[in-house]
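Colleague: One structure, pasted below without further comment.
The values are calculated or read from the model by the stated rules, or taken from the named source; none is laboratory data. Owing to the predicted nature of the structure, the values given are computational and were not obtained by experimental measurement. Please note: Cβ atoms are built from the backbone with ideal geometry, for glycine as well, and neighbour counts cover all protein chains shown.
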Amino acid sequence: MSSYSDADSFIRLLEPCRDALYRFAARSLWRKSHVNDVLQEAVMTAWSQFDRFERGTNFRAWMFTILLNTVYRVNRKIHRSREVALDSDVFDPEHLIEKETAWLSVLEDPDRVMQSLDDRLVAALDRLSTTERACFLLRLLEDFSYKEIAEQLDLPMGTVMSHVYRARMKLRERLADLAIEEGLVRSTSEDSQE
Amino acid sequence: MGRMTCNECRRWWSPYLDSELDATKTFEVSEHLRVCGPCRERFEREKRVDDALREKLCEDRMPADVWAGLCSRICRPQPVVRMPWLRPLAIAASLVLVVTAGGLVYRQMTSTADRAKDVTITNVTPNVAMASLLRDASPQLAAFTGEEKGFAERVADLDLLSRDLLGASISIDVAGLERYHLEFVDVRKRTDKSGTDYIEVRLNCCNYPVLLAFSERGHEHVIAEFREVCNRCPSQGCPPPVKDGGIETRTIERNGVIVAGATNDPHLGEILAAIQIDRV
């Protein structure tokens with residue numbers, strides 16, 4: 001059983017990454033109502049295994065691995081029928097051209113568009129699968145390398161690279177849709193009607 | 001090695017952005033961006049999209065109550081065997097706290113028994129039974145509060161009472177104690193057997209009860225009685241350290257006010273250090 005000095009050590013290691021763990025859980029869980037429970041489960045699991053943690057090694061990476069496993073387990077219980085359609089690789093050239101054109105419009109003034117979208121930026125993550133989200137968030141927010149992400153998710157590095165790339169592409173597609181909906185850019189169909 | 005085309009460059013922009021390409025590919029992409037204005041500009045704009053996403057997604061912070069709850073659970077000890085038949089004794093003992101006074105006030109007392117000794121830091125032999133009793137008594141400590149109040153409000157109550165009773169302003173600086181999930185359960189005026197008023201404070205630290213007493217008059221017989229109660233418990237003579245569930249008591253003096261504390265939590269020293277007392 002861990003002593004009080006172990007509890008102190010554990011909390012000191014946990015404190016610097018508490019916000020990162022929280023926002024990762026908040027952004028990667030399908031249901032936001034699960035965030036606190038998942039965090040608690042992950043932290044208590046880590047605490048129960050703290051005697052197995054090798055002091056001096058990367059606590060943050062270790063903690064994220066435990067959190068990832070908990071997120072995956074919880075997300076798996078929730079059926080996401082939308083995910084099938086989103087992951088389908090239906091090739092529609094006109095659709096792709098329209099998306100690319102809309103995205104180029106966004107890129108003309110990305111700061112203005114991103115600022116205008118504000119909270120809807122977060123909603124864009126809904127398009128990603130659990131693995132795509134995990135890879136993208138670990139890379140973008142937590143600055144883990146592809147190699148570290150591959151170790152945490154038990155995936156080949158090339159797969160991680162693909163997931164991050166696909167996540168970026170899907171996000172940009174979604175952001176282009178949102179920008180059109182908000183009237184921040186014009187769609188190609190609007191242009192062709194004029 | 002031929003020059004990279006724009007389409008080829010665009011294939012690699014994502015891992016390039018993440019600095020995940022090998023040296024050769026990194027060089028090729030860098031070279032293309034150096035010579036191709038449109039690709040360089042597009043890459044810069046794509047990077048700004050990533051930066052904006054990162055800034056938005058990093059806005060979340062773990063709420064303070066979630067963090068406090070986690071720390072509380074981590075600090076929570078293993079449950080110990082309860083001894084319910086000792087509960088009345090525990091409550092009585094919990095009301096008896098160490099009080100002493102400033103040296104000049106003690107000397108004014110006529111009774112030799114009431115004359116206080118010089119203030120020293122004291123430790124009572126840890127007692128496992130008393131620890132479990134105090135822990136069991138904790139829900140009752142909370143039940144003593146007639147109303148829910150926040151920490152700051154209770155500190156304000158303590159300050160008002162101490163100005164009235166002791167002529168001193170007392171506060172508790174909790175900066176640095178957040179990880180211990182400190183709860184201010186109750187503060188009230190008490191009267192000991194000799195009819196002397198003192199202030200009793202009840203806190204929870206990582207769910208352990210912490211009892212504090214504030215006074216400026218010495219009551220040596222109260223200290224003796226408290227220790228006698230502890231020593232009468234079946235598990236007397238349990239060896240230290242406090243971490244195994246024993247009781248610790250300490251006494252400090254600050255600006256003529258004596259503060260005594262008793263708890264089975266190992267952070268009594270930090271709590272006492274956080275108490276600020278000024279004469280008014």
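Colleague: Which residue pairs have Cβ atoms under 6 Å apart, sit 6 or more places apart or on different chains, and have a first residue in the stretch A:147-169 that is small (Gly, Ala, Ser) and a second that is surrounded by 18 or more Cβ atoms within 10 Å (Cβ to Cβ)?
Modeller: A:ALA150/A:VAL160; A:ALA167/A:LEU128; A:ALA167/A:GLU132; A:ALA167/A:PHE136
Colleague: Now for a separate question. Confirm whether B:SER19 is under 19 Å from A:SER145 (Cα atoms) and surrounded by fewer than 14 Cβ atoms within 10 Å (Cβ to Cβ).
Modeller: Here the answer is yes, as B:SER19 does meet what is asked.
Colleague: Moving on. Within the stretch B:49-65, track down each residue that is facing chain A (nearest Cβ under 7 Å) and surrounded by fewer than 16 Cβ atoms within 10 Å (Cβ to Cβ).
Modeller: B:ARG54, B:CYS58, B:ARG61
Colleague: Look at A:ARG18 and say whether it is within 15 Å of B:MET62 (Cα to Cα) and of a type outside the set (A, V, I, L, M, F, W, C).
Modeller: yes
Colleague: Now for a different question. List the pairs whose first member sits in the stretch A:43-62 and is within 18 Å of A:ARG18 (Cβ to Cβ), whose second member is among the acidic types (Asp, Glu) and surrounded by 16 or more Cβ atoms within 10 Å (Cβ to Cβ), and whose Cβ atoms are under 7 Å apart, counting only residues at least 6 apart or on separate chains?
Modeller: Sorted first by the residue in the stretch A:43-62, then by its partner, the pairs are A:ALA61/A:GLU148.
Colleague: Looking at A:LEU138, A:LEU117, A:LEU125, A:LEU121 in this structure, which one is at negative phi and more than 9 Å from chain B (Cβ to nearest Cβ)?
Modeller: A:LEU138
Colleague: I would also like to ask the following. Could you list, in sequence order, the residues of the stretch A:37-61 that are more than 22 Å from A:ALA26 (Cβ to Cβ) and part of a helix (DSSP H, G or I)?
Modeller: Selection gives A:SER48, A:PHE50, A:ASP51, A:ARG52.
Per-residue answers, yes or no, for (1) touching a helix residue (DSSP H, G or I) at 6+ places or on another chain (Cβ under 6 Å); (2) at pLDDT 80 or above; (3) closer than 23 Å to A:ALA7 by Cα:
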position: B:GLU228; (1), (2), (3): no, no, no
position: B:ARG232; (1), (2), (3): no, no, no
position: B:CYS238; (1), (2), (3): yes, no, no
position: B:VAL242; (1), (2), (3): no, no, yes
position: B:GLU248; (1), (2), (3): yes, no, yes
position: B:GLY256; (1), (2), (3): no, yes, no
position: B:ARG279; (1), (2), (3): no, yes, no
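Colleague: Specify the residue that is farthest from B:ARG10 (Cα to Cα); the eligible residues are those in the stretch A:170-183 that are touching a residue at least 40 places away in the same chain (Cβ under 8 Å) and among the charged types (D, E, K, R).
Modeller: Among them, the one singled out is A:GLU182.
Colleague: Please name all residue pairs, on different chains or six or more residues apart, with Cβ atoms under 6 Å, provided the first residue is in the stretch A:94-105 and is modelled with pLDDT of 65 or more and the second residue is in a helix (DSSP H, G or I).
Modeller: A:GLU98/A:THR188; A:LYS99/A:GLU173; A:LYS99/A:ALA176; A:THR101/A:THR188; A:ALA102/A:ALA176; A:ALA102/A:ILE180; A:TRP103/A:ARG172; A:TRP103/A:ALA176
Colleague: Something else about it: Given A:ILE66, A:ILE78, which one is more than 11 Å from every other protein chain (Cβ to nearest Cβ) and modelled with pLDDT of 90 or more?
Modeller: Only one candidate passes the filter, namely A:ILE66.
Colleague: Restricting to the stretch A:27-46, name every residue that is hydrophobic (A, V, I, L, M, F, W, C) and either buried (at least 19 other Cβ atoms within 10 Å of the Cβ) or at pLDDT below 90 (or both).
Modeller: Within the stretch A:27-46, A:LEU29, A:TRP30, A:VAL35, A:VAL38, A:LEU39, A:ALA42, A:VAL43, A:ALA46 meet the criteria.
Colleague: Using the structure shown, decide if A:LEU21 is in contact with a Phe, Trp or Tyr (Cβ under 9 Å, 6 or more places away or on another chain), surrounded by 18 or more Cβ atoms within 10 Å (Cβ to Cβ), more than 10 Å from chain B (Cβ to nearest Cβ) and modelled with pLDDT of 90 or more.
Modeller: no
Colleague: Working carefully through the options A:GLU173, A:GLU132, find the one that is buried (at least 16 other Cβ atoms within 10 Å of the Cβ), more than 30 Å from A:ASN58 (Cβ to Cβ), away from chain B (no Cβ under 11 Å) and not polar (S, T, N, Q).
Modeller: None of the others qualify; the one that does is A:GLU173.
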